[in-house]
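> Quick one: the structure is below, questions incoming.
The values are calculated or read from the model by the stated rules, or taken from the named source; none is laboratory data. As the structure is a computational prediction, the values presented were derived from the model and not from experiment. With ideal geometry, Cβ positions are generated from the backbone for all residues, glycine too; neighbour counts draw on all protein chains shown. Areas reflect the complete protein model, heavy atoms only, side chains present, ligands, DNA and RNA absent. Shrake-Rupley method; radii C 1.70, N 1.55, O 1.52, S 1.80 Å.
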Amino acid sequence: MAAAMVGKTLLDSAWLAARSTEVEATGVLLTTTMQPSGPSPPWVEAAIPGTVLGTLLKNKLVPDPFYGLNNESIVDIADSGREYYTFWFFTTFESKLTGSQYIDLNFRAINYSGEVYLNGHQKILPKGMFRRHSLDITDIINRDGKNLLAVLIHPPDHPGTIPPEGGQGGDHEIGKDVAAQYVEGWDWMTPIRDRNTGIWDEVSISVTGPVKLADPHLVSSFFDDYERSYLHTTVDLENKSSLPAECSLTIQVTAELDEEMHLLEHVQSYELLIPPGTLITYTIPPLLFDKPNLWWPNGMGKQYLYNVELSVDVKGFGESDSWSHQFGFRKIESIIDTATGGRLFKVNGQQIFIRGGNWILSDGLLRLSAKRYMTDIKFHADMNFNMIRCWGGGLAERPEFYHYCDVYGILVWQEFWITGDCDGRGMPISNPNGPLDHDLFLLCARDTVKLLRNHASLALWVGGNEQTPPKDINTALINDLMLHPLFKCSDETYNLAEESDDPSQYLDGTRAYVQGSMWDGFANGKGDFTDGPYEIQYPEDFFKNDFYQYGFNPEVGSVGIPVATTIRATMPPEGWQIPSFQKLSTGYIEEIPNPIWDYHKYIPYSKPEKVHDQIEAYGHPKDLDDFCEKAQLVNYVQYRALLEGWTSRMWTKYTGVLIWKTQNPWTGLRGQFYDHLHDQTAGFYGCRSAAEPIHVQLNLSTYYIEVVNTTSNELSDVAIEISVWDLDGACPYYKVTEKFSVAAKKVSPIVEMNYPKSTNAKPVYFLLLKLFRVSDSNIIISRNFYWLHLPDSDYNALELHHGKKVPLKITSHVSTTESTYNIQVEVHNASKNSNSAILGSLLNNHKNADEKYDGGLQCSRPEISRTIEIEETDPGVAFFLHFSVHSANVEEAAVDTRILPVHYSDNYFSLVPGEEVTVNISFEVSEGITPQVLLAGWNYHEEIQVY
């Protein structure tokens with residue numbers, strides 16, 4: 001066996017697990033003379049990284065807790081006792097170390113405490129869910145051969161009890177620990193029975209020479225209006241040997257020009273002498289960059305990332321350790337806006353209007369992976385969002401999450417593990433002094449900062465959700481996260497040469513700390529419960545001046561029923577029953593869901609005495625498919641209106657909004673734009689439309705057509721084409737505005753949409769808005785399609801439109817690369833039309849949108865092309881078309897044939913007569929699977945196979 005290479009090796013396979021009460025051997029015996037021989041009782045294959053419940057599910061020892069009511073049949077830790085979910089995990093690994101090499105065993109996170117046994121030797125993993133553990137195992141490793149590793153993991157100390165009524169964080173006992181609090185259940189989440197006990201993040205061994213690198217801190221500072229930048233770097237170096245180490249520390253910075261070529265920007269080396277057994281902190285002299293490529297949030301520019309590598313060579317040994325990280329040059333500022341009272345964010349000196357969402361975590365059983373994170377974050381970028389808030393009852397998110405936020409330009413607000421419900425504001429009053437161990441909380445917080453601080457996307461630290469940390473913790477965080485003078489203001493009075501404290505010497509020092517989610521520029525800024533609301537609204541209300549009074553709303557939520565196929569895939573047939581609609585004496589409808597929907601936290605589409613049922617407005621739903629299709633119509637309208645309403649008052653009343661929430665960590669039925677299986681709702685595409693950097697929209701309160709320009713450049717030489725279409729395919733209203741301009745970062749009302757005031761206005765009609773470049777009408781900058789009804793009417797007339805068979809011509813081009821399919825589909829409404837000179841010029845790629853369909857069509861000569869024509873005789877609007885991708889290899893009787901996830905450049909779209917759209921579709925398939933792409937819509941009950 002060759003000597004071990006310097007570097008990290010993941011231990012992510014070949015683990016076994018067993019309940020501790022079923023294992024008679026001690027940790028010493030398990031790792032010496034009584035090692036498990038394989039997956040035979042009581043040992044099973046373990047899910048590492050993962051949780052105990054994830055391991056039990058993997059081995060089918062419990063039913064899927066996210067399916068139907070299965071979770072009710074799984075033993076809760078409150079009933080079983082902590083021992084029931086205390087588990088052994090066992091694996092082996094090989095090593096081959098030389099005499100001058102050292103080795104650490106690393107746990108990036110466990111929950112909640114543990115004991116490690118390696119080759120008969122014990123080490124302790126102290127308490128805390130959000131801390132790293134690095135154990136020097138050099139003296140107990142078998143340096144030349146097999147090593148036996150056993151880890152005993154204990155659940156949180158205070159797992160709590162779930163009251164019969166459920167509640168926010170159960171009985172709040174989990175708040176006494178430094179752990180995720182959602183695990184006792186919330187109004188959007190069922191309890192997690194093992195409270196996420198397990199080795200839930202990566203395990204690795206790392207081999208070094210005599211000197212080890214630890215916790216590098218990278219900071220970029222800017223001067224001369226961002227024309228000049230310095231890269232600041234501080235790193236810990238530990239000499240593990242008993243001899244002085246003569247070292248050469250090298251920093252190398254490269255810029256990627258393309259996939260095969262990199263530009264060397266800097267390479268510098270520094271000579272150091274480190275005494276034996278000593279840890280030193282070394283600050284590298286700042287490196288100057290002239291006109292660096294900047295990192296920008298989604299919608300503002302490119303996400304340029306440099307590769308920074310640190311390495312240390314020791315005389316007489318060679319390379320002892322190395323570290324690398326993708327780093328974005330950018331400056332984030334955050335202040336309270338004097339005009340609105342809301343918190344205002346600036347990136348690289350430019351104001352950014354925040355439109356994003358709240359995030360709990362990707363999966364409630366902590367089945368986390370880089371691949372799943374990539375889909376999650378790309379989905380947010382595809383919605384044109386620019387911020388995710390990591391809610392305080394969830395996780396300190398993982399580096400892989402932040403990596404993809406760096407790649408896709410999503411700013412992150414990261415909260416620490418405090419919630420009002422579990423930390424002093426719950427009913428009854430809960431843990432008024434927060435977690436029991438304040439020192440442990442601060443240790444975890446500081447370690448989390450070190451883990452995440454080099455990510456360009458990390459924008460803000462927040463003390464807690466709807467609560468501030470206890471006074472001593474809050475004071476410590478304020479001091480620990482104090483801004484360096486370079487990041488306190490935008491002016492350049494700071495003289496880098498005259499100051500002794502390099503910004504990389506701070507724990508962070510580059511991004512603000514806010515004590516709580518409703519303080520200091522969020523909600524009313526004083527900590528009162530002034531976020532929300534969280535239920536269905538009339539779309540026009542989002543535009544009204546009295547809807548929300550404060551400058552930045554950190555939480556506003558609504559409905560989120562998924563497509564019918566997801567309901568069938570995640571519930572038994574008794575869960576396919578749609579809610580009953582009970583008409584009250586007041587005329588309002590109360591929806592009464594079946595018990596499974598109720599368990600999955602369904603939010604109704606009505607609010608008696610305030611909002612009439614928004615699904616019933618389209619006609620009484622006949623069955624699950626009809627209900628879910630009409631729900632998607634509501635989802636689209638609801639969330640588009642929410643974001644358009646907020647954006648309509650950009651800078652005049654609001655600085656940002658975060659929707660509660662973008663997804664669910666389980667198969668929940670509320671507040672989501674894509675479900676737990678990774679299929680998007682129509683609300684996803686409503687958000688995508690509304691959050692365009694440049695956007696044309698209808699103010700549903702004033703009926704003025706507005707143009708939003710969130711970019712840093714003036715929008716000029718543009719006009720709007722306005723067309724109204726009736727259900728028969730006629731165009732009774734058509735207008736093109738005069739040419740106009742919109743200043744940078746402004747919203748301009750352009751013209752009133754006065755069709756509803758006309759004498760012969762139809763009760764239900766379609767409105768198409770196109771913002772286009774006057775000098776080239778083929779450049780459509782923004783397109784927005786509405787379905788509307790006159791006051792005191794509803795959408796019931798759309799039921800008649802169900803029967804229309806509108807002709808379509810569909811052409812698909814397909815290319816494949818290994819297991820990835822890239823399909824470009826052109827859909828043309830073949831109805832005859834002579835109303836508009838530019839209606840047929842719809843383009844998919846909006847000029848200013850800076851879209852990143854990295855899964856889009858890559859080949860200029862597709863391997864396969866196919867054209868089909870749907871030769872129907874009814875002219876009109878092809879309404880609410882949506883693609884889905886399925887496996888052709890499964891039986892027709894299968895409940896769910898979908899291939900997921902799929903990235904669509906658009907979906908749930910409508911085409912007026914003569915109009916064409918191009919949609920890019922990308923997805924991966926498993927070996928042996930043949931995909932097929934289907935198109936359905938309001939006019940097309942039988943799905944059309946387009947590929």
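> Tell me the label only: which of (1) 156; (2) 176; (3) 287 is volume of the Cα convex hull per residue in Å³ as calculated from this structure?
This structure yields the entry labelled (2).
> Once fully extended, how much extra length lies between ILE335 and LEU800, figured as 0.36 nm per residue of separation less the alpha-carbon to alpha-carbon distance?
Computed gain between ILE335 and LEU800 is 162.2 nm.
> Which of LYS746/LYS832; LYS8/LYS146; LYS739/LYS809; LYS450/LYS471 have a Cα-Cα distance over 26 Å?
Cα-Cα > 26 Å for LYS746/LYS832; LYS739/LYS809; rest within.
> At R0 = 25 Å, how high is the FRET efficiency between ARG367 and LYS450 if r is their beta carbon distance? Nearest 0.05 is fine.
Efficiency at R0 = 25 Å is approximately 0.45.
> Another question about this same structure. How large, in Å, is region 74-160 by the Kirkwood hydrodynamic radius built from its alpha-carbon pairs?
The answer is 14.3 Å.
> FRET efficiency for ASP717 and ASP225, Cβ-Cβ distance as r, R0 = 30 Å, nearest 0.05?
Rounded to the nearest 0.05, the efficiency is 0.65.
> Let me ask another. Once you put a point 7 Å from the Cα of THR283 and another 7 Å from the Cα of SER269, both along the Cβ direction, what distance in nm separates them?
Between THR283 and SER269, the label points sit 2.5 nm apart.
> So what does the Cα-only Debye profile of region 215-292 read at q = 0.13, 0.21 Å⁻¹, as log10 I(q)/I(0), no solvent term?
-0.53, -0.98
> Right, something else. Cα centroid distance between region 692-754 and region 635-652, in Å?
15
> Here's a follow-up. Between LEU10 and THR930, what FRET efficiency comes out of the Förster formula 1/(1 + (r/R0)^6) with R0 = 41 Å and r the beta carbon distance, rounded to 0.05?
0.80
> Keeping all protein chains in place and using 1.4 angstrom, which order do ASP906, ASP437 fall into by accessible surface area, from largest down?
Largest accessible area first, the residues go ASP437, ASP906.
> Report the label-to-label distance for SER204 and THR759 in nanometres (one decimal), using points 7 Å from each Cα along the Cα→Cβ vector.
7.6
> Roughly how many Å is it from the Cα centre of region 902-947 to that of region 330-398, as a whole number?
29
> Taking square-rooted eigenvalues a ≥ b ≥ c of the alpha carbon gyration tensor, is region 242-283 rounded, prolate or oblate, where a/c under 1.5 means rounded and, failing that, a/b exceeding b/c means prolate?
Taking the square roots of the gyration eigenvalues as a ≥ b ≥ c, region 242-283 is prolate.
> Report ³J(HN,Hα) in whole Hz for each residue of region 236-248, in order, from the Karplus equation J = 6.51 cos²θ - 1.76 cosθ + 1.60 where θ = phi - 60°; Gly and Pro get x.
3J(HN,Hα) across region 236-248, in whole Hz: 8, 10, 10, 8, 7, 8, 8, 10, x, 10, 8, 10, 10.
> Per-residue ellipticity at 222 nm for the chain, helices alone: DSSP H runs ≥ 4 residues times -39500 (n - 2.57), over residue total, nearest 500 deg cm²/dmol?
Mean residue ellipticity, 222 nm, calculated: -3500 deg cm²/dmol.
> Testing the spin-label approximation: label points 7 Å from Cα along Cα→Cβ at ASN119 and GLU942. State their distance in nm.
Label at ASN119, label at GLU942, 7.1 nm between them.
> Follow-up question, since we're still on this one. Where the accessible area of region 862-947 is counted over protein heavy atoms with a 1.4 Å probe, how much of it, in %, is carbon and sulfur?
42
> Still on this model: Taking 0.36 nm per residue of sequence separation and subtracting the Cα-Cα distance, how much length would be gained by fully extending the chain between SER585 and GLU256, in nm to one decimal?
Fully extending the segment from SER585 to GLU256 adds 111.8 nm.
> Continuing with this model, one more query. If you stretched the chain out fully between LYS60 and LYS746, how much longer would it get, using 0.36 nm times the residue separation minus the C-alpha to C-alpha distance?
241.4 nm
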